Amino acid sequence: MDNRRKKIVIQSVLLLSIASLFAFFAINAQINMSNRGLQFGYDFLGREASFDIQFSLIEYSRSSSYFRAYLVGLINTVLVAFFGIVFATILGVTVGIARLSKNYLINKFASAYIELFRNLPLLLQIFFWYYAALRLLPLPQDSEALFFNFYLTIKAFYTPALIWENLHIFIYFLIISIVLIFFLRRYAKNIQEKEGRQIPVFLISLILLLFIPFLSFLIGGTNVDIELPVLKKLSKTTYIFEGGLAIPPEFIALLAALSLYTATFIAECVRAGIMGVGKGQKEAASSLGLNTQQILKLVVMPQALRIIIPPTTNQYLNLTKNSSLASAIAYPDLALVFTGTALMQTGKAIEIVSMVMFTYLALSIFTSILMNWYNKKMAIKEK
Amino acid sequence: MLKIIRNLVLFFCASFLLLSCGQGGSGKKSETLEKTKKAGFLNCGVSQGLAGFSNADEAGNWTGIDVDVCRAVAAAVLGDSQKVKFFPLSAKERFESLKSKQIDVLSRNTTWTLTRDAELGLTFVGVNFYDGQGFMVTKASGMRSTDDFVSGMSVCTNIGTTTELNLADFMARKKIDYKLVGFEKADEARDTYGAGRCDAYTTDKSGLAAQRTALPSPDDHVVLPETISKEPLGPVVRQGDAIWEDIVRWSLNVMIEAEEYGVTSKNADSLKSSDNPAHKKILGVEDDMGLKLGLDNDWGYRIITQVGNYGEVYKRHLQDSGILPGGRGDNELWTNGGVLYVPPLR
């Protein structure tokens, strides 16, 4: 049998065995479910959920459908994952660069942070933040403002909220300013290549970013009001703050634990990337007269990013999936609301778990597609 | 000659077929019963620790009224109430564990509802405790009834239970905007309430009584008088094994019937020679109740002597322990003003 035939045969055999494995599990599940009188179907999603969710960015009540509960859980997961990624990246890059500093104290401090938070299990860190750290916070009536009107209490982190009028106009102006900045940068680059002089791009972009949205207040009819949290007495000893935003301690604990934990891994990725740039590059750059900041920004980072981005993408995906540990501390994310409450109330284990699995899969794939695009954009075209 | 042989063969085949039909009819098969007898112990699902219902001490000994239901089944089926293996389960795992045959009886203060009966492939076989949902608040809060509830309050509870649904219904009726802080484990819900994060804690009133004793200063907390739902708690088995269902159902029923007719663990021996037909049926002296269930006739006697009747079990775990001292309320016999009424053992 010639080589090509052999390859085709082997691959079709493999494909067939994988397909029959899936078929076996599917048939097995079907037989067992019909034996026990259980029905398979996704139509429970249209039914009324009958349970409440503590924290939701969209409209939800006990008469909403299970599908709406799924959406609320999904949005909560994306919320904590998004902010987690942002904080972890900022912290991770800072600590990673600090770890390479020549200053002994900064270096060792960064080291200690990395070693400590990297080696403790994430679940324990979450428990620590929620059951130990945030438990010690005062009750609303006993609390003092952190600064201005921000109150950190055991019931929630109360912050002033902005009440917008005509928010969409403000956003349009913001988009216009961003587009203008984009064109400005292109123009500045062209000028630099043709004539060799530099325009203060950063300064001009800053002015644009501040000024144009400000215009929306003057001529666009946007108005913003600050709503302050005010102490309100519910009963003899029960107080809450009314008005403003109330961020639940569950969210804060999860965010803190996830960010601090994932930042250590990102810091190590960043350190690896920077160390991976040849020493000769730095020496050549400094011999050209660039200062440390310029070396880092123009020579080292572009090359280091190629090494940093793929493992960091990994860490982002890990963070997204680790957010499912929210079920340990009553944060209503997808895992707790759907695979927890909804599954217990309906008993539809296979349907619900398959839905949630595909959701996390979709989130992860989406994130990695975004990061791969960014990686391609950042990669230096080797000549 | 050949004809005779042919007829004889046909005759034997026919009678063999008839006999095997007969065997198929009278040989009742219960997969769970066979499996339990073969293993030599009963797999029983219980809670992760609820004083009075199913709780393990430091040495690992399980006690409680739910535990005693499993012990009764073990005494009936295996002859020894100690031959039970306990599986502590969370609210999330309990039904899956039963469905997947890891356990054969779920005795975990589980509320009997239509949805659970119809949708999960399980069957509720009785009620061993009539309960209702209530609220617990701190005495310092000044709240003395659910009319004192206000919008903006937070309530701690377990998720995935009838508690959560009843709470949502109740708050919607009263038009109160509240924050639900839901945990998978009862301990976490109770501790979060105790720390002050929540203004109230809700679960079945029996659970409130038990959890109150586990808080750092029980006297600082009070259970509000209102009962907002019906919670009939009882044992659950898998659907489809009718013989096993009957065994578990009647193991519970015989304990209640025994109390109704005055049979206790102390006087069971002497009552074996009583004239009362009810005594004789319970203790297996007449009418072969045990054989009808697929067990031997001493099943009732073993349950009552090794575990006790319903009243003894209740007193031992809930009254003497101080969890629910005082009257049994709904959990009294129908002859005494309560709702415990089981079908007659005949």
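Computed from the coordinates by the stated procedures, all read-outs in this text should not be read as laboratory data. Please read these numbers as outputs of a predicted model, since none were measured by experiment. Note that each Cβ is placed from the backbone with ideal geometry, even for glycine, and that neighbours are counted across all protein chains shown.
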For the protein assembly as shown, what does the convex hull of the Cα positions come to per residue, in cubic angstrom?
267
For labels at residue A:199 and residue B:288 in the simple 7 Å Cα→Cβ model, what's the distance in nm?
10.4
Which percent of the Cα-Cα distances in chain B go past 24 Å?
60
In nanometres, what is the gap between the two model label sites at residue B:274 and residue A:131, each 7 Å from Cα along Cα-to-Cβ?
5.0
If you average the alpha carbon positions of the range A:117-164 and of the range A:327-383, how far apart do those two centres end up, in angstrom?
26
Once the in-chain neighbours fewer than 8 apart are removed, the lysines whose Cα is under 24 Å from residue A:232 read A:155, B:139, B:174, B:175, B:179
How high is the FRET efficiency from residue A:186 to residue A:214, r the C-beta distance, R0 30 Å, rounded to 0.05?
0.80
Note: B:184-193 gets an average of partner chain Cβ contacts (10 Å, Cβ to Cβ) equal to 3
If you count, for each residue, the other Cβ atoms within 10 Å and average over each peptide, how do A:9-17, A:335-343, A:223-231, A:75-83 line up from highest to lowest?
A:335-343, A:75-83, A:223-231, A:9-17
Looking at this model, which pairs from B:99/B:280; B:205/B:272; A:348/B:37; A:189/A:376 are more than 30 angstrom apart at the alpha-carbon?
B:99/B:280; B:205/B:272; A:348/B:37
Set Lys and Arg Cβ to +1 and Asp and Glu Cβ to -1, take the dipole of the protein assembly as shown about its Cα centre, and tell me which of B:313, A:240, A:32 lies farthest positive.
A:32
Suppose R0 equals 60 Å; then what is the FRET efficiency for residue A:123 and residue A:293 from their Cβ-Cβ distance, rounded to the nearest 0.05?
0.90
Compute, for the protein assembly as shown, the length of the dipole vector about the Cα centre, with Cβ point charges of +1 (Lys, Arg) and -1 (Asp, Glu) only. Units Debye, rounded to 20.
3560
Column: log10 I(q)/I(0), Debye, Cα scatterers of the range B:133-229, q = 0.13 Å⁻¹
-0.36
Order by protection proxy (mean Cβ within 10 Å, highest first), peptides A:304-316, B:129-141
B:129-141, A:304-316
For the range A:13-24, Karplus-derived ³J(HN,Hα) couplings (6.51, -1.76, 1.60; θ = phi - 60°; whole Hz; x for glycine and proline) come out as 5, 4, 4, 4, 5, 5, 4, 6, 5, 4, 4, 4
What are the ³J(HN,Hα) values, in whole Hz, obtained from phi via the Karplus relation 6.51 cos²θ - 1.76 cosθ + 1.60 with θ = phi - 60°, for each residue of the range B:242-257 in sequence order, with x given for Gly and Pro?
5, 5, 4, 4, 5, 4, 5, 4, 7, 5, 6, 4, 5, 5, 6, 4
3J(HN,Hα) from dihedral phi, the range A:126-136, Karplus parametrisation 6.51/-1.76/1.60, rounded to Hz, x for glycine, proline
4, 4, 4, 4, 7, 8, 9, 5, 6, 5, 7
Whole-number D in µm²/s for the range A:1-160 (Stokes-Einstein; Kirkwood sum over Cα pairs; 10 °C, 1.306 mPa s):
70
Average other protein chain Cβ within 10 Å of Cβ, residues B:237-250:
1
R0 = 45 Å: FRET efficiency of residue B:214 with residue A:105, Cβ-based, nearest 0.05?
0.45
Along the Cα→Cβ direction, 7 angstrom out, place labels at residue A:377 and residue B:174. What is the inter-label distance in nm?
5.3
Taking every residue in A:47-54, how many Cβ atoms of other protein chains lie within 10 Å of its Cβ, on average?
6
